[in-house]
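Have a look at the structure below, then the notes.
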Amino acid sequence: MIFKPLCSPNLDWFEDGRPFNKDTGDCYFSQNPIPESEYVFLKGNDLEKRWNSSNFNQFTIIEMGFGTGLNLLLTWSLWLDKCQKQSSFKNKKLTYISIERSPLTLSDLEKCHSMWPHLENSSRILREQLPAPVPGRHSIILEVNGIKVELLIFYQDVQEALGELIEENIVKSNAWFLDGFSPKLNPSMWSEKTVKKIALLSDKDSCSFSTFSASGAVRRSLQANGFIVNKKKGFGKKREMLIGDFIDVNIVKDNSSSNILTTLNHKKNHKKQALVIGAGLAGCITSAKLAEKGYQVDLVESRSHICQAASGNAAGLAYPKLGNNYQGACAFSLYGFYYLLRELKKYPHTRMKMDGILQLINNSKNSRLSLQTPIKLG
């Protein structure tokens with residue numbers, strides 16, 4: 001991933017507390033944000049009906065534009081309600097993927113969330129778990145009463161994020177929340193190139209989309225890339241919006257490349273197994289995380305108990321290995337460090353100090369790194 005420092009949006013605030021993005025010239029939400037979000041995205045993708053009637057083990061939503069996180073909070077609330085009322089949902093998995101190039105600051109998010117008091121608990125948990133504004137992908141587990149939702153948030157350009165998901169060929173979307181700003185104000189999110197990638201990431205057996213936009217260009221682009229598009233009455237005073245479903249398209253050409261990108265079928269309901277050798281800290285944590293993702297894990301250790309070698313030390317230090325090249329080991333180390341900080345919040349009785357460490361400069365190379373790293377990380 002090419003490093004591009006993140007920039008928080010330049011905001012202004014209406015008297016009623018709504019944020020206005022001065023960079024794009026658009027509002028984050030209307031004066032009735034919760035009913036509108038439920039109408040456009042949750043009902044627009046018919047989530048409740050599909051969850052009630054479908055025989056599925058995993059459901060994946062991809063959102064274009066995280067914004068204030070309202071779509072996630074409402075989707076999460078609906079999922080919690082289903083899991084609490086229907087025991088069969090406890091073995092199902094919801095993955096929510098969101099892409100955001102210009103994340104709001106935590107203080108701005110808190111100001112927005114304060115307008116929705118009935119979402120206070122979930123919004124607080126979300127803010128506590130959101131990553132630092134570091135470019136790239138961040139994996140988060142949101143949990144309430146043992147019910148978990150996997151959140152994968154990309155702080156990067158939409159083309160890069162979708163491209164990574166296509167290259168990995170791991171996930172396919174069952175529902176798209178196309179929630180970027182207006183096509184006129186944010187054309188890159190609605191470009192033909194973007195829509196081709198959306199098609200490549202759509203589950204051919206079950207995938208819907210919804211968007212507040214009723215733009216003719218958006219409608220034609222979606223139709224040209226394998227979507228059945230329908231107009232629906234818009235929310236409130238808005239005349240129309242678009243909803244629809246993806247149909248099987250075997251080959252989609254990406255004009256940005258000479259290659260033909262072909263959608264691949266995924267094996268469903270196959271048994272996932274993993275073997276982890278070594279029951280130190282790394283082995284135990286790896287096993288736990290694989291189990292969370294539905295793997296049957298065998299953990300092998302030559303000693304009689306876990307954490308008997310180096311992992312048995314009474315204390316340890318954790319810090320990221322930074323550098324002036326934000327790729328490879330540097331990026332991996334930084335993501336891992338922030339993930340550790342989020343995980344430790346789940347264990348309030350853990351004895352730890354967040355006092356930082358002192359790294360001494362002992363040569364000219366380290367001197368250059370120490371000066372360049374803060375600039376590179378924005």
Is it fair to say N313 is at pLDDT 80 or above, of a type outside the set (A, V, I, L, M) and surrounded by fewer than 11 Cβ atoms within 10 Å (Cβ to Cβ)?
yes
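Being outside any loop (DSSP other than H, G, I, E, B) and among the hydrophobic types (A, V, I, L, M, F, W, C) is the filter here, so list the residues in segment 1-50 that pass it.
L11, W13, F20, C27, I34, V40, F41, L42, L47 - these are the residues of segment 1-50 that are outside any loop (DSSP other than H, G, I, E, B) and among the hydrophobic types (A, V, I, L, M, F, W, C).
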Quick check on segment 133-140. Is at least one of its residues touching a residue at least 12 places away in the same chain (Cβ under 8 Å), over 27 Å from G294 (Cα atoms), among the small types (G, A, S) and buried (at least 16 other Cβ atoms within 10 Å of the Cβ)?
no
So which pairs qualify, if the first residue must be in segment 333-351 and surrounded by 11 or more Cβ atoms within 10 Å (Cβ to Cβ), the second must be assigned to a helix (DSSP H, G or I), the Cβ gap must be under 7 Å, and the two must be at least 6 apart or on different chains?
R342/Q129; K345/E128
Among the residues of segment 203-219, count how many are in contact (Cβ under 8 Å) with a residue 60 or more places away in the chain and not in a loop (DSSP other than H, G, I, E, B).
4
Residue in segment 317-331 that is closer than 16 Å to G136 by Cβ, among the hydrophobic types (A, V, I, L, M, F, W, C), surrounded by 15 or more Cβ atoms within 10 Å (Cβ to Cβ) and out of contact with any helix residue (DSSP H, G or I) (no Cβ under 8 Å at 6 or more places or on another chain) present
yes
Do you know which residues across segment 143-184 are over 22 Å from L334 (Cβ atoms), assigned to a strand (DSSP E or B) and either touching a Cys at 6+ places or on another chain (Cβ under 7 Å) or of a type outside the set (D, E, K, R) (or both)?
V144, I147, V149, S173, A175, W176, F177, L178
The lone condition S98 fails out of (1) surrounded by fewer than 17 Cβ atoms within 10 Å (Cβ to Cβ); (2) of a type in the set (G, A, S); (3) in a strand (DSSP E or B) is (1)
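Could you grab me the full set of residues in segment 316-372 that are among the small types (G, A, S), modelled with pLDDT of 70 or more and outside any loop (DSSP other than H, G, I, E, B)?
Residues satisfying the conditions are G328, A329, A331, S333, G336.
One line per residue, one yes/no per condition, for (1) within 13 Å of G44 (Cα to Cα); (2) in contact with a strand residue (DSSP E or B) (Cβ under 7 Å, 6 or more places away or on another chain); (3) polar (S, T, N, Q); (4) crowded, with 16+ Cβ neighbours inside 10 Å:
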{"site": "P187", "(1), (2), (3), (4)": "no, no, no, no"}
{"site": "C207", "(1), (2), (3), (4)": "yes, yes, no, yes"}
{"site": "S210", "(1), (2), (3), (4)": "yes, yes, yes, yes"}
{"site": "V218", "(1), (2), (3), (4)": "no, yes, no, yes"}
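The values are calculated or read from the model by the stated rules, or taken from the named source; none is laboratory data. Since this is a predicted model, take the numbers as computed values, not measurements. Neighbour counts are summed over all protein chains in view; Cβ atoms, including those assigned to glycine, are modelled from backbone coordinates with ideal geometry.
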